[in-house]
Amino acid sequence: MGRLAEWRRIARAHPAVVDALLAAVLFVAGLLPVNPPGAPLSLAAVLLAAIGSGALAVRRRHPLPVLALTTVSVVLAQLAGVARGPMVLTVAIAAYTVATRADRRTAAVAGLVGAVAVGAAAIATLGVVGPDPAVVVLLLWFGVAVAVGDAVRSRRAYVAVREEGARRAERTLRPEETGAPTEPAPSLNRLDALVEGFSTGQPVRWTVAGQPRPLPTEVDVAAYRIIQESLTNAHRHAPGAAVAVRLRYDPEGVAIEVRDRGAEASPSPGPSAGLGLLGMRERAEAVGGTFTAGPRPDGGWAVRAELPAAEEQAE
């Protein structure tokens, strides 16, 4: 148990190294013959195995592109008759990664597209008319990969919420302590936990575009607080309405959009709503950004903020 815990600690501390090792192992496994056992190794097989497995080295940073690349490489290998070893595992792992880092709908759609593409190529290669048992098992593997990934994402969010609640409770059971706060600092790294907390009584979807990267502390905190206040306002003034959170990273900074569909009988905005908008505007402008908020033409409310944070400013 001690050695297993040590391996887990190393894996968490060096995820890039773990992914590189995984890519290397699957590349070697993808060169193993399957049927017939003595089939010669072709250059096409080597190249496609290298592309599919090599993409997994950056699966955490680019989950959707990696899923697309692994799917294409496996489909081409199947159609060309050079698929060897467990190449299809690269697609299943990529689908699992998407499910751990994207919202449920995105993961389901992406996993379904990958499964259909690989399944169709398998049917064409095998020359079967109906659903072959091997193809059915193949499709089930994709479903399991996405389901497990979604469970891991939900578990992480649940643990983060529980830990935050425990810290807050501990800080309130000890009112005599006036030292530094023990609550985790607001950060976009905890965005999944924040969204999960608001998703209990209100459907909230969130997407991240671009390549996430560390931001200057003041920008990171401002972005988190703007999203938090936007979700609070949506929960207060449009209870039950669907909310979409979009976060986009680009070389110049980060852009935020939070919008809801509105409620048929939403409460009238009180003074707190105006103060919340004022606070979000002040946070954005304090870091040199811009902020806009207002009703949407098709109903509901939208909040948008753009916060500058050039890549070289990251801490």
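The values are calculated or read from the model by the stated rules, or taken from the named source; none is laboratory data. Quantities reported herein were computed from a predicted structural model and do not represent experimental measurements. All Cβ positions, even for glycine, are placed from backbone atoms using ideal geometry, and neighbour counts span all protein chains on display. SASA here: full protein model, heavy atoms, side chains in, ligands and nucleic acids out. Shrake-Rupley method; radii C 1.70, N 1.55, O 1.52, S 1.80 Å.
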Note: among L43, L48, just one is over 25 Å from the mean Cα position of the chain (by Cα) and open to solvent by 50 Å² or more (accessible area, probe 1.4 Å), namely L43
Check your understanding: Given the structure, is V118 within 29 Å of P133 (Cβ to Cβ), modelled with pLDDT under 90 and open to solvent by less than 40 Å² (accessible area, probe 1.4 Å)?
Key -> yes
> Has the stretch 78-88 got at least one residue that is open to solvent by less than 40 Å² (accessible area, probe 1.4 Å), in contact with a Pro (Cβ under 8 Å, 6 or more places away or on another chain) and among the polar types (S, T, N, Q)?
Replying inline: no
Q.
If I filter the stretch 9-16 for residues that are surrounded by 14 or more Cβ atoms within 10 Å (Cβ to Cβ) and modelled with pLDDT of 75 or more, do I get at least one hit?
A. no
